[in-house]
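Data first, discussion second: the structure below is written as structure tokens.
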């Protein structure tokens with residue numbers, strides 16, 4: 001177990017190293033480089049650009065720049081925003097709770113609905129329930145998130161007036177109920193796509209498990225259908241499902257960006273889109289890195305959980 | 001679509017060919033997908049001849065004409081441009097970007113997966129690690145980041161989407177080839193003195209086609225979705241040229257004036273993406289030997 005953990009953590013660190021190299025390369029391959037925004041500004045002279053270049057260390061060899069930048073990334077010195085000059089670290093950090101609130105609640109909702117519908121579809125295989133779930137899941141996967149969100153705003157905010165059209169809370173704060181009402185629509189929209197994946201994945205995992213001998217044994221012992229399905233069936237499906245949670249992270253993070261934009265949800269995704277409009281390089285780079293970090297750490301966490309709940313992994317790797 | 005299917009089918013012996021086609025036709029949603037894609041393709045491909053109006057023709061007097069008005073089947077937008085005509089021309093862009101991006105994922109994914117697996121050694125390790133690293137970036141972030149610094153056009157959009165979505169194909173090809181590598185006919189080709197690239201293209205490519213075909217169909221669906229996200233946010237295809245995504249850029253304000261304007265482009269995206277997804281599902285069921293036995 002310990003060796004398995006060491007190996008996985010080592011791999012993750014290597015992945016992060018690769019991520020940082022590609023991120024850094026992107027920044028320097030972009031036309032005009034990180035200072036492109038200044039070259040468009042007529043009040044900025046060539047000398048100014050040279051001076052800024054020197055200040056940011058951009059006149060040094062690329063590998064020196066990379067090492068300095070990567071060192072800053074690790075030690076928490078993420079540079080300063082081109083606009084307003086605030087440290088990027090605090091700009092990004094203050095957006096993380098909102099994004100986590102949205103992603104966490106959507107994931108939880110998607111998990112409950114997706115796993116339940118997946119089990120139902122597997123148990124009622126080749127019935128109308130199965131086909132309806134499969135078709136609904138496929139349509140959900142095909143729906144453009146932003147459009148679905150806009151339709152939701154139109155119906156529930158503009159026409160019916162039941163829910164707020166955007167934001168995380170009413171101006172001036174508001175109670176728990178106010179925050180929940182604001183969360184409801186974006187959470188549903190983001191969860192929609194995820195539910196589809198969970199449902200499809202749970203179904204195929206359960207179909208495989210339902211034919212196993214130990215399921216028949218459990219039934220033969222006289223256990224009720226709920227105990228058989230949840231205690232034995234779902235328990236065995238946990239391993240692939242936890243892996244899916246890890247694999248789904250890029251979709252979750254990307255979906256959060258689109259959802260936040262549509263609902264003016266003040267998270268990292270909205271910050272990214274706003275920074276994009278201003279070509280605020282340091283902020284963009286930081287969010288790209290945080291996004292990749294979340295994916296790498298999430299997958300690491302998923303693998304560790306799998307190792308904890310799957311006894312076979314301990315046997316083969318100790 | 002049917003071209004691709006025939007190509008795939010032609011490398012199999014006749015009996016298997018009929019089986020694949022029969023299983024595919026049994027998948028009702030997949031058949032529906034083929035029909036819908038054919039219709040969308042005709043509408044988009046034939047836009048110059050079929051569209052009732054010039055898509056860019058501005059008619060201020062006909063601003064926000066509702067659907068089903070005389071001469072305006074789907075109404076007119078904020079500048080009085082014909083929505084149906086714009087949808088058809090937008091379809092040319094959106095479908096082309098989807099298919100071109102899929103081709104890019106095929107070429108890049110196949111090259112990286114095939115040469116890595118075939119050559120082995122440190123090249124393989126490096127290419128597969130690159131694949132892992134690329135999978136860590138949420139593709140929407142990466143795409144937007146690059147799109148903001150590149151002049152958007154049909155070609156650059158397809159290239160960018162393709163270059164951020166090739167990883168799955170690379171992994172499939174890689175796994176398939178590792179399995180094929182020890183096959184006798186590969187050894188025979190090597191003995192005959194065929195160079196590596198020729199073995200990869202002539203012997204290995206045809207034998208990895210089935211799972212790649214499925215992944216490519218799903219990639220097309222995904223690429224159409226990504227194009228719509230990027231264009232919706234304003235970093236993709238630029239107006240006045242219409243794409244399904246950028247027709248929704250003003251959707252939020254359209255809803256207050258004329259909700260239909262925001263409905264049709266979204267429906268077009270959903271139909272196109274769902275069709276490719278259904279076709280991919282149908283192909284998987286038709287080509288996967290495990291499903292076949294069940």
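Specify the residue that is farthest from the other protein chains (Cβ to nearest Cβ); the eligible residues are those in region A:109-139 that are within 30 Å of residue B:262 (Cβ to Cβ) and under 18 Å from the mean Cα position of the chain (by Cα).
Checking each candidate, the answer is A:109.
Sort through B:248, B:271, B:267, B:261 and tell me the only one that's within 14 Å of chain A (Cβ to nearest Cβ), in contact with a helix residue (DSSP H, G or I) (Cβ under 8 Å, 6 or more places away or on another chain), farther than 30 Å from residue B:133 by Cβ and without any contact (Cβ under 8 Å) to a residue 24 or more places away in the chain.
Selected residue: B:248, the only one of B:248, B:271, B:267, B:261 that is within 14 Å of chain A (Cβ to nearest Cβ), in contact with a helix residue (DSSP H, G or I) (Cβ under 8 Å, 6 or more places away or on another chain), farther than 30 Å from residue B:133 by Cβ and without any contact (Cβ under 8 Å) to a residue 24 or more places away in the chain.
Would you check which residues across region A:271-280 are in a helix (DSSP H, G or I) and surrounded by fewer than 23 Cβ atoms within 10 Å (Cβ to Cβ) and list them?
Across region A:271-280, the qualifying residues are A:273, A:274, A:276, A:277.
For region A:22-38, does any single residue satisfy the condition of being within 9 Å of chain B (Cβ to nearest Cβ), assigned to a helix (DSSP H, G or I) and at pLDDT 85 or above?
Checked against the condition, which is being within 9 Å of chain B (Cβ to nearest Cβ), assigned to a helix (DSSP H, G or I) and at pLDDT 85 or above, region A:22-38 yields at least one hit.
Scan region B:118-126 and give yes if some residue there is out of contact with any strand residue (DSSP E or B) (no Cβ under 9 Å at 6 or more places or on another chain), in a loop (DSSP other than H, G, I, E, B) and more than 14 Å from chain A (Cβ to nearest Cβ), otherwise no.
yes
Could you tell me whether residue B:117 is touching a residue at least 24 places away in the same chain (Cβ under 8 Å), within 22 Å of residue A:18 (Cβ to Cβ) and crowded, with 20+ Cβ neighbours inside 10 Å?
Against the criterion (touching a residue at least 24 places away in the same chain (Cβ under 8 Å), within 22 Å of residue A:18 (Cβ to Cβ) and crowded, with 20+ Cβ neighbours inside 10 Å), residue B:117 qualifies.
Residue-wise test of (1) surrounded by fewer than 22 Cβ atoms within 10 Å (Cβ to Cβ); (2) within 30 Å of residue B:58 (Cβ to Cβ); (3) under 15 Å from the mean Cα position of the chain (by Cα).
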residue: B:193; (1), (2), (3): yes, no, no
residue: B:201; (1), (2), (3): yes, no, no
residue: B:221; (1), (2), (3): no, no, yes
residue: B:259; (1), (2), (3): yes, yes, no
residue: B:265; (1), (2), (3): no, yes, no
residue: B:270; (1), (2), (3): yes, yes, yes
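Can you tell me which of (1) in a loop (DSSP other than H, G, I, E, B); (2) within 11 Å of chain A (Cβ to nearest Cβ); (3) buried (at least 19 other Cβ atoms within 10 Å of the Cβ) is the one residue B:152 doesn't meet?
It fails just one condition, (2).
Among A:308, A:301, which is in a helix (DSSP H, G or I), at pLDDT below 85 and either under 17 Å from residue A:110 (Cβ atoms) or away from chain B (no Cβ under 11 Å) (or both)?
Within the list A:308, A:301, the selection yields A:308.
Surrounded by fewer than 24 Cβ atoms within 10 Å (Cβ to Cβ), at pLDDT 85 or above and either outside any helix (DSSP H, G or I) or within 12 Å of chain A (Cβ to nearest Cβ) (or both): is that true of residue B:238 in this structure?
yes
The values are calculated or read from the model by the stated rules, or taken from the named source; none is laboratory data. Treat the numbers as computed from the prediction; the structure is a model and nothing was measured. All Cβ positions, glycine included, derive from the backbone under ideal geometry; neighbour counts span all protein chains shown.
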